[in-house]
Amino acid sequence: MILLTALRSLLFMLAFYVGTALFVTGAVIGGFFNPAYVASVATGWSRYHRFCARWLLGQKVVVDGELPHGPYLYIVKHESMFETIDLLCLFDKPAIGAKRELLDIPFWGGIARRYGLIPIERTAGASALRTLRAAAKAAVAQGRAVCLFPEGTRVPHGEAPPLKSGFAGLYSLLGLPVVPIAINSGIVSPRGKFLKRPGTITYKVGEIVPTGLDRKEAEIRVHAAINALN
């Protein structure tokens, strides 16, 4: 069983990363002539990733609950690389918060900027929050979903660290209702592990957190909802 899992994981790694190189090349070339082409390539890349996860790893995706679309702030549990890519399958050209260092990766970083990823400086304090707010507001104005991982990094399945302080500030500044989303991807694709197991990855959509709540109350509700699958 472990041998089969290792083989499937190896096939996934080869197929996905070779495919990623082709998608990046296509985005660089196509984006030179038409910047809007980058978003289409990114969506195709995400769908290719889900295809590889489904048919090479045996990982099926299920959405538990109704996923509303509109001017919301989507707050997502972060357990694996899986959801950072797969969110492009859930939403139409979502603006996803990503740590600033990722945008410095050669070629990929330039494409990520053109696509409109939201860079997050984890150590820049108030100035980072202002930048994040401006980028989020611009995305909302374009009708794009804003998706953030409030824990700041991937955490092992079952752990529930406190939310980063930036969430409460952004909740107040943006004035958007929050859709919290739990995920259990860490069970089958744990952080930093080569072996990826077959199984079901579930997105559990929590109750919408309305605007105008006390910041602490909003934080408590969101923290409970994104950890609902623990």
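A few remarks follow.
- Per-residue ellipticity at 222 nm from helix content only, as computed over the chain with -39500 (n - 2.57) for each DSSP H run of at least four residues, stands at -15000 deg cm²/dmol.
- Separation of region 174-229 and region 128-152, taken as the distance between their Cα centroids, equals 17 angstrom.
- For the chain, the solvent-accessible area with a 1.4 angstrom probe is 50 square angstrom per residue.
- With every protein chain in place, the chain: carbon and sulfur % of accessible area (1.4 Å): 62
- The Kirkwood hydrodynamic radius of region 114-222, based on inverse pair distances between different Cα atoms, is 15.6 Å.
- Cα-Cα separations in the chain greater than 34 Å, expressed as whole percent: 13
- Residue-wise HN-Hα couplings along region 188-204, as the Karplus relation 6.51 cos²θ - 1.76 cosθ + 1.60 with θ = phi - 60° gives them from phi, are 9, 10, x, 4, x, 10, 5, 6, 10, 9, x, x, 10, 9, 10, 9, 10 Hz; Gly and Pro carry x.
- Förster radius 45 Å - calculated FRET efficiency between residue 3 and residue 224, Cβ distance, rounded to 0.05: 0.65
- Centre separation in Å (Cα based) which lies between region 2-62 and region 76-99: 14
- Take each peptide in 214-220, 182-188, 112-118, count the other Cβ atoms within 10 Å of every residue, and average; sorted highest first, the result is 182-188, 112-118, 214-220.
- In this structure the amide hydrogen of residue 184, modeled in the peptide plane, comes within under 5 Å of the amide hydrogens of 202, none closer than 5 places in sequence on its chain.
- Whole-Å semi-axes of the ellipsoid equivalent to region 76-161 (Cα gyration tensor, √5λ, descending): 19, 16, 14
- Built amide H within the under 5 Å cut-off of residue 59, gap 5+: 54, 199
- Mean Cβ count within 10 Å, highest first, over the residues of peptides 56-65, 11-20: 56-65, 11-20
- Span-like helix ranges in the chain, DSSP H, alpha carbon extent 20 angstrom or more, Kyte mean at least -0.5: 2-33, 37-55, 126-141
- Once C-alpha pairs closer than 8 Å and six or more residues apart are averaged by separation and normalised to the residue number of region 20-87, the relative contact order reads 29 percent.
- Our summary gives the chain a relative contact order of 26 percent, counting only alpha carbon pairs under 8 angstrom and 6 or more residues apart.
- With 20 Å as the limit, the listed pairs 99/164; 60/93; 77/216; 93/164; 164/216 have 60/93; 93/164 beyond it between alpha carbons.
The values are calculated or read from the model by the stated rules, or taken from the named source; none is laboratory data. The structure presented is a predicted model; accordingly, all values stated were derived computationally and were not measured. Here Cβ is always computed from backbone atoms with ideal geometry, including for glycine, and neighbour counts include all displayed protein chains. Side chains included, ligands, DNA and RNA excluded: accessible areas come from the protein's heavy atoms. Shrake-Rupley method; radii C 1.70, N 1.55, O 1.52, S 1.80 Å.
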